[in-house]
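The structure appears right after this line, and notes come after that.
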Amino acid sequence: MKTCPFNYSGSKSDYYFFHDINIPIVDLFSGGGGIWSNVKSNDIIVNDKQKDLIELQKFIYESSDEEFDKFFKDVYSIANSINSRESFEKIRYKFNFEKRCKVIFYSLILTSTKNMIRFNSKNNINSTWDGHRNFNKKMQEKIINFRNRIKQKNIQFNSVDFENLKFDKNKYTLIVDPPYLLSMAAYNNYWTINDEKRLYNFLSNKNFCMTNIIKRDEKTNEILISAIKKYKWIFKEIEFKNNKAARKKTNIKEIIIFNSVETSNNLNLNYEI
Ligand SMILES: C[S@@+](CC[C@H](N)C(=O)[O-])C[C@H]1O[C@@H](n2cnc3c(N)ncnc32)[C@H](O)[C@@H]1O
């Protein structure tokens with residue numbers, strides 16, 4: 001099984017049906033890289049508005065071995081200095097308010113609870129320290145495997161609002177994993193009804209595949225339902241059969257939407273997970 005070294009809230013790294021994709025893609029809301037870093041495609045455009053994540057991933061991809069070794073050493077020294085909640089919070093403060101840099105960012109990831117990357121609505125890290133995580137061999141292997149895997153591919157990194165991304169829409173199929181209106185992650189706090197409408201309008205003349213939640217408890221996403229009808233998109237419910245997420249998702253109807261049968265055939269996904 002391929003893994004992604006970023007434990008990001010909303011990560012789709014365990015949506016295994018994406019791993020078989022083998023055509024040029026744009027991962028429009030790429031987050032921690034749970035989708036693009038696991039596909040078979042060699043031609044990938046990555047985008048997320050969250051700059052720290054994109055810059056770190058871009059560095060891992062583009063850096064020379066010497067630069068990467070130096071980065072590792074610097075991370076090692078900061079991560080090892082974090083040995084209490086106070087020291088973690090001091091470094092977190094430094095990153096949020098004084099020095100936003102990749103080395104501190106990755107040191108915080110390595111020392112956070114469950115290595116979880118979480119930002120609040122002001123785009124500051126609000127992950128916490130649980131006293132157990134540190135720069136261990138397993139994490140080191142994970143990031144080296146990730147680097148080796150992505151280095152084989154042709155990847156372009158971007159950090160812009162989705163509407164401003166430049167790409168050839170005849171060549172690339174969009175993989176769309178936006179903030180969900182009916183979900184609770186912090187980045188959903190600044191995802192508005194207007195963004196939701198903008199997104200569906202933007203997708204209306206493109207080839208795409210999108211995951212989303214259409215129903216949660218008694219709430220339904222009416223904007224999505226209208227767009228599906230208006231643009232004659234097709235969709236299937238995702239079945240979480242063997243997935244650990246299944247237990248948590250009983251009150252949720254999560255779907256995968258395609259602009260056309262042709263796009264669905266081109267992606268050739270078996271979306272029972
Ligand atoms: C559900 S998460 C994506 C998770 C990702 N697929 C993964 O596996 O890690 C949604 C992402 O959309 C990004 N986002 C929110 N608004 C955006 C916008 N207007 N343009 C581009 N990205 C945006 C957030 O920063 C967040 O990382």
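The values are calculated or read from the model by the stated rules, or taken from the named source; none is laboratory data. Just so we're clear, the structure is a prediction, and the values are computed from it rather than from any experiment. Quick reminder, even Gly has a Cβ in these numbers, built from the backbone with ideal geometry, and neighbours come from all protein chains shown.
A few remarks follow.
- Residues that are within 14 Å of the ligand (Cβ to nearest atom) and β-branched (Val, Ile, Thr) within region 151-177 comprise 160, 175, 176, listed in sequence order.
- Residue within region 101-108 that is over 22 Å from residue 179 (Cβ atoms), charged (D, E, K, R) and within 21 Å of the chain's Cα centre (by Cα) present: yes
- Test: residue in region 70-78 that is surrounded by 18 or more Cβ atoms within 10 Å (Cβ to Cβ), more than 30 Å from residue 41 (Cα to Cα) and at pLDDT 90 or above: yes
- Neighbours by Cβ (under 9 Å, 6+ apart or cross-chain): first from region 149-161, more than 30 Å from residue 194 (Cβ to Cβ); second part of a loop (DSSP other than H, G, I, E, B) and within 13 Å of the ligand (Cβ to nearest atom): 149/2; 150/33
- Taken together, the criteria place residue 52 among residues that are within 16 Å of the ligand (Cβ to nearest atom) and part of a helix (DSSP H, G or I).
- Residue match in region 105-112 (condition: surrounded by fewer than 16 Cβ atoms within 10 Å (Cβ to Cβ) and out of contact with any Pro (no Cβ under 6 Å at 6 or more places or on another chain)): no
- None of 197, 138 is more than 10 Å from the ligand (Cβ to nearest atom), surrounded by fewer than 14 Cβ atoms within 10 Å (Cβ to Cβ), at pLDDT below 85 and farther than 13 Å from residue 49 by Cβ except 138.
- Counted residues, region 204-220 - those being under 29 Å from residue 24 (Cβ atoms) and either part of a strand (DSSP E or B) or out of contact with any helix residue (DSSP H, G or I) (no Cβ under 8 Å at 6 or more places or on another chain) (or both): 9
- Of the residues making up region 27-48, those that are near the ligand (Cβ under 10 Å from one of its atoms) and either among the acidic types (Asp, Glu) or without any contact (Cβ under 8 Å) to a residue 12 or more places away in the chain (or both) are 27, 48.
- For residue 176: the one exception among (1) more than 18 Å from residue 57 (Cα to Cα); (2) modelled with pLDDT of 95 or more; (3) out of contact with any strand residue (DSSP E or B) (no Cβ under 6 Å at 6 or more places or on another chain): (3)
- Selection status of residue 24, surrounded by fewer than 19 Cβ atoms within 10 Å (Cβ to Cβ) and more than 9 Å from the ligand (Cβ to nearest atom): yes
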